[in-house]
Amino acid sequence: MPGQSFFLLGLRGVGKSTWARWQFPDALWIDLLDEARYQDYLVDPSLFALDLQGAEPGSWVVVDEIQRLPNLLNEVHRHIEARQLNFALLGSSARKLKAVGVNLLAGRALHRTMHPLSPAELGDDFDLEAALDTGTIPLVWIADDRRAVLETYARLYLREEIRAEGLVRNLPGFARFLPIAALCHGEVVNVSGLARDCGVARTTVEGYLDILEDTLVVFRLSAFQPRLRVRERRHPKLYWVDPGLVRAVKKLHGPIAPEERGALLEGWVLHLLRVHGEEGGLFEDLHHWAPHSGDRTEVDFILRRGDEFLAIEVKSRSRYHTGMLPGLRAVGALAGIVRRVLVYGGRRSFRTTDGIDVWTLDRLHHALAGNTLWP
């Protein structure tokens, strides 16, 4: 738990409020989903300051859904300085906080993200097929009928997160965009192609992508640009933060098809890297790498820690073959590479004669949980 004020962001249903109520049972709790309270503060923000007077100096205050009224951060700032109050600021969107909150509270509040559940958190309850099928958003994971709850969740995202906050003017256009964007999970973003498929302007699609990222539904992984002999592709790759959301938005049911599995597993590994990266200081930068040439010499993830680099390629097939290695072999020319890892769907871990580690997914889980990913 942070020892000072912090923002905790995460998509709806990820468990932010549940965690905060358990962690801060005696805190003054201000819930901006309470419509009456929200309307009161909207009309007269000074009422927020009056409510804060009920908190003892040095105590904790939890403000849930802070993105609904980001102007309240002025009073948060003042009470941190004047009364040494500690704030847990929970939110499901970074969009309205970007201009106000981040600049206002720089150095005074940490920034943390709550992700869907990881294998380390689920323990013996973890099941990879279930995770890839319906995801690990806690609201969905604990449900008796996960698929029904997930489908409802996907619909509510349109109504509650997008329409309620007035983030888009053309909601039907955004609704058409979502399943097309889900098809791009794990792919380099082609904004012009997306715009053409959705029948909207390129600038509109760029805005839609910003909305998905700001509401913490997708993550854009930037391209790594080392000084290699080839020219690297500079476009980011698009990943949805939960595999269940990808399938729900595409309206896919039943067993996972072979053509789906590769992107879902790749996105799952990215989820694990982000969870452990933030919690354990696993890396300083995370990127993907692929050259412009069409020779398939690409690497899914490159982690940087200081002057050292670690490359990870993900393949869903259960049988290892050397055709899985060209990207990892090519990136070996990068100065500072200390480990190259192929994560695949098989059951045996080993090292190739040219020094590439071939790991099962379980081996990766243990390396991340035990903080032994780096050599």
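The values are calculated or read from the model by the stated rules, or taken from the named source; none is laboratory data. Here the structure is a predicted model, which is why all the values come from computation and not from measurement. Please note: Cβ atoms are built from the backbone with ideal geometry, for glycine as well, and neighbour counts cover all protein chains shown. The area values use the complete protein model at the heavy-atom level, side chains included, leaving out ligands, DNA and RNA. Shrake-Rupley method; radii C 1.70, N 1.55, O 1.52, S 1.80 Å.
General remarks:
- Filtered by the rule that a residue be farther than 22 Å from LEU139 by Cβ and in contact with a helix residue (DSSP H, G or I) (Cβ under 8 Å, 6 or more places away or on another chain), the stretch 264-279 gives LEU265, VAL269, LEU273, HIS276.
- Residues of the stretch 182-197 satisfying the condition of being open to solvent by less than 50 Å² (accessible area, probe 1.4 Å), assigned to a helix (DSSP H, G or I) and under 16 Å from TRP268 (Cα atoms): ALA182
- Residue count for the stretch 25-54, restricted to those that are touching a Phe, Trp or Tyr at 6+ places or on another chain (Cβ under 8 Å) and under 20 Å from ARG78 (Cα atoms): 7.
- Per the conditions (1) in contact with a helix residue (DSSP H, G or I) (Cβ under 7 Å, 6 or more places away or on another chain); (2) at pLDDT 90 or above; (3) small (Gly, Ala, Ser), the sole criterion not satisfied by GLY193 is (1).
- Taking each residue of the stretch 305-323 that is among the acidic types (Asp, Glu) and looking for partners that are part of a loop (DSSP other than H, G, I, E, B) and surrounded by 10 or more Cβ atoms within 10 Å (Cβ to Cβ) with beta-carbon atoms closer than 8 Å, six or more apart or interchain, yields ASP307/GLY336; GLU308/GLY336; GLU308/TRP374; GLU313/LEU325.
- Restricting attention to the stretch 241-262, the residues being among the charged types (D, E, K, R), open to solvent by 10 Å² or more (accessible area, probe 1.4 Å) and not in a loop (DSSP other than H, G, I, E, B) number 3.
- In the stretch 40-68, the residues that are β-branched (Val, Ile, Thr), part of a helix (DSSP H, G or I) and surrounded by 15 or more Cβ atoms within 10 Å (Cβ to Cβ): ILE66
- Among the candidates ASP44, ASP31, residue that is of a type in the set (Asp, Glu), touching a Lys or Arg at 6+ places or on another chain (Cβ under 8 Å) and without any contact (Cβ under 8 Å) to a residue 60 or more places away in the chain: ASP31
- Verdict on LEU265 being in a helix (DSSP H, G or I), farther than 23 Å from LEU110 by Cα and modelled with pLDDT of 95 or more: yes
- Near pairs, Cβ below 9 angstrom, 6+ apart or cross-chain, from the stretch 178-198 (without any contact (Cβ under 8 Å) to a residue 12 or more places away in the chain and over 14 Å from GLY262 (Cα atoms)) to any residue that is part of a loop (DSSP other than H, G, I, E, B) and open to solvent by 20 Å² or more (accessible area, probe 1.4 Å): GLY193/CYS184; ALA195/ALA201
- Number of the condition not met by GLY207 [criteria: (1) touching a residue at least 12 places away in the same chain (Cβ under 8 Å); (2) assigned to a loop (DSSP other than H, G, I, E, B); (3) surrounded by fewer than 20 Cβ atoms within 10 Å (Cβ to Cβ)]: (2)
- Single residue of ASP26, ASP44, ASP34 found to be more than 26 Å from LEU139 (Cβ to Cβ) and among the acidic types (Asp, Glu): ASP44
- Flag for LEU73 being open to solvent by less than 60 Å² (accessible area, probe 1.4 Å), among the hydrophobic types (A, V, I, L, M, F, W, C) and not in a helix (DSSP H, G or I): no
- Whichever residue in the stretch 327-357 is closer than 18 Å to GLU266 by Cα and either touching a residue at least 60 places away in the same chain (Cβ under 8 Å) or in contact with a Cys (Cβ under 6 Å, 6 or more places away or on another chain) (or both) and, among such residues, is surrounded by the fewest Cβ atoms within 10 Å (Cβ to Cβ): GLY345
- Residue that is nearest to THR134 (Cα to Cα) [pool: residues in the stretch 1-30 that are aromatic (Phe, Trp, Tyr) and part of a helix (DSSP H, G or I)]: TRP19
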